[in-house]
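Each remark here refers to the structure printed beneath this line.
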Amino acid sequence: MKKKSILMVACILMVGLLFTGCGFQKLSEMPSLEAEVIGNGGLSVVKGDYIYYVDSFVESSSVGKNDNTYNKVDNACIYRVKMEDGKLVYDEDGVLQNVELVVPKIVGFENTNLFIFDDYIYYGTPNTQNDQTGELRNDLIDFCRAKLDGSDVQIIYTTNAYEDDATHSFYKIGDKVYLVVFDGSDLIRVEMDSHIKKAETLATDLDTVMLPSKADYTYSQNVEVSGTLGYAYYTRALNEDDGFLSTTDKGNVLGRVNIATKEVKEVIDGMTTHELLSVQQAYVYEYRTVNGNKCLYATNFNETIQVTTTDAYTNVIVLSNTNNENRGIIVTFEDSTVWIKDGTNVKESSELVLDSSITVQYVDDTHIYYLDGTSIYRVSLADFTEELVVSDETMNSNYFDFTQPGFIYYFATYTGDEDESGVYLNRVNLANKLEPEDDSEETDLGYEIQLIGILDENHIATETDETVEE
């Protein structure tokens, strides 16, 4: 019997996206200022009819001194593709149409977070400068912005450090844009309008930081400081300035800082150890340990709600606060996946989701998405039915983007006929479920895979059929 794998079908339909150097014409237009932005903070972001995205991925540690020179790079860059009637367009050979190179710098790396506010796209790129000792510091990041037609490129801030637990985000609050960077110890803010202001430190000697941001944005509805938005959340050790002569075994500090006003609010009692878990629309979720007793709490810094009375759960995922109401948590309990709607009354308010433990990647209002090897499945929160979303043995399972409703973006390895390979961006179209061929024994093929990365010609396999003897 002759059949094609899901990935090979996708390659037949979508392959051929060969970039041939500097052959792209000047960008044709700017999206409308008022067009809605969807998917800020991911590997791709939509504004109006355009998808802005990183086409491929490289490890920053592999970026050499001359590997990230502006206008001399065409892989792992920011591209854009213009949709027609909300859909990608391919020619009869399966070549993606309406593609343009926007930022010819490496942006597809471990710390890709794309944001669009108004006429600018904001991004990070590996630094390729030597430090005072002559060492190449490609572990540091240059944060930049460029207009959506690729012009007016500006460096916003270059980090002095960026540790493994570092993080960053961009915000539009009022009429200003802010870059906020946690470099592993200090929290840095850069304010921008028509000009970029000098970086300033919001807090120092922090242990953990969470930077919740809003995925969608419109020019007419600037993000305001409300609920949990507009704040950076952190934990830090107690110090003598907190009024403790000795800080040993007396807990730590939970705090938040207003990104726009820099106002700080902290929770300090000299007994409690705080551990950040999640930030949702209405509450910050954190473990609190007092006298060895560890439980989950939700707080808005004015009131606190106890969510669980035990620490027996693992792999805890907090569901979004629909209408500012707690919807409960998804946990692993006794090797099963359970939805606990009231953690203080487990027996009466829990429902079995799956009779196995899972690695949850994302939860939205309707489904739980989880990873099993190189396959993504989802479970309905309405009736707990399970289905395959995508199975791809070339998938890089470290980076996923769920920020655009109806799509999942991920990186996958493409290998050419001479065994040369590269890592490129795919997306799963959740509106197009694949149907089996008449003679296929497979009944659950998942959803359509769309390759939007720009393949190097050495990474294109000409053989697409697999022959299986029955």
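Placing unit charges on each Cβ (+1 for Lys and Arg, -1 for Asp and Glu) gives the chain a dipole about its Cα centre, and among SER151, ASN113, GLN450 the Cα reaching farthest toward its positive end belongs to SER151. Summary of packing: across the peptides 361-371, 419-429, the per-residue average of other C-beta atoms within 10 Å ranks them, highest first, as 419-429, 361-371. Just the protein heavy atoms count here, and of the accessible area of the chain at 1.4 Å, carbon and sulfur take up 42 percent. A cut-off under 14 angstrom between Cβ atoms defines the neighbours of LEU381, and their net charge, with Lys, Arg +1 and Asp, Glu -1, is -3. Accessible area per residue for the chain, computed on protein heavy atoms with a 1.4 Å probe, is 47 Å². With n ≥ 4 as the cut-off for DSSP H runs, can you work out [θ] at 222 nm for the chain, using -39500 (n - 2.57) per run divided by the number of residues, rounded to the nearest 500? Theoretical 222 nm ellipticity from helices: -500 deg cm²/dmol.
Can you flag which of LYS172/LYS250; LYS47/LYS265; LYS147/LYS198 are past 28 Å Cα-Cα?
LYS172/LYS250; LYS47/LYS265
Each of THR158 and THR304 was given a label point 7 Å from its Cα along the Cα-to-Cβ line. The distance between the two points is 4.4 nm.
Across the options TYR79, SER194, GLN132, the greatest Cα extent toward the positive end of the charge dipole of the stretch 79-222 (unit charges at beta carbon of Lys, Arg, Asp, Glu) belongs to SER194. With N counted as the residues of the chain, its alpha-carbon radius of gyration over 2.2 N^0.38 Å works out to 1.04.
Computed on the chain, with alpha-carbon pairs under 8 angstrom and 6+ residues apart, the relative contact order is 13 percent. One chain, two ends: ASN458 and CYS295. Fully extended at 0.36 nm per residue, the span grows by 53.3 nm beyond their Cα-Cα distance.
Of SER226, SER350, SER220, SER375, the residue with the largest accessible area leads and the full order is SER220, SER226, SER350, SER375 (1.4 Å probe).
Relative intensity of the stretch 51-168 on a log10 scale, I(q)/I(0) at q = 0.14 Å⁻¹, equals -0.61, per a Debye sum over C-alpha point scatterers of equal strength in the absence of solvent.
Sort 92-103, 447-458 by the packing proxy (mean of other Cβ within 10 Å over each peptide's residues), most packed first.
447-458, 92-103
Computed about its Cα centre, the charge dipole of the chain is approximately 2080 debye, with only Lys, Arg, Asp and Glu carrying charge at their Cβ. Considering only LEU319, ILE173, VAL428, and ranking their Cα positions along the charge dipole of the chain that arises from unit charges at the beta-carbon of Lys, Arg, Asp and Glu, the one farthest toward the positive end is ILE173.
Computed over the Cα atoms of the stretch 48-97, what is the ratio Rg over Rh, Rh following Kirkwood?
With Rg and the Kirkwood Rh in hand, the quotient comes to 1.10.
The values are calculated or read from the model by the stated rules, or taken from the named source; none is laboratory data. As the structure is a prediction and not an experimental result, all values here were calculated from the model. Reconstructed Cβ throughout: ideal geometry from the backbone, glycine too, with neighbour counts over all protein chains shown. Ligands, DNA and RNA are excluded from the accessible area calculation, which covers all protein heavy atoms including side chains. Shrake-Rupley method; radii C 1.70, N 1.55, O 1.52, S 1.80 Å.
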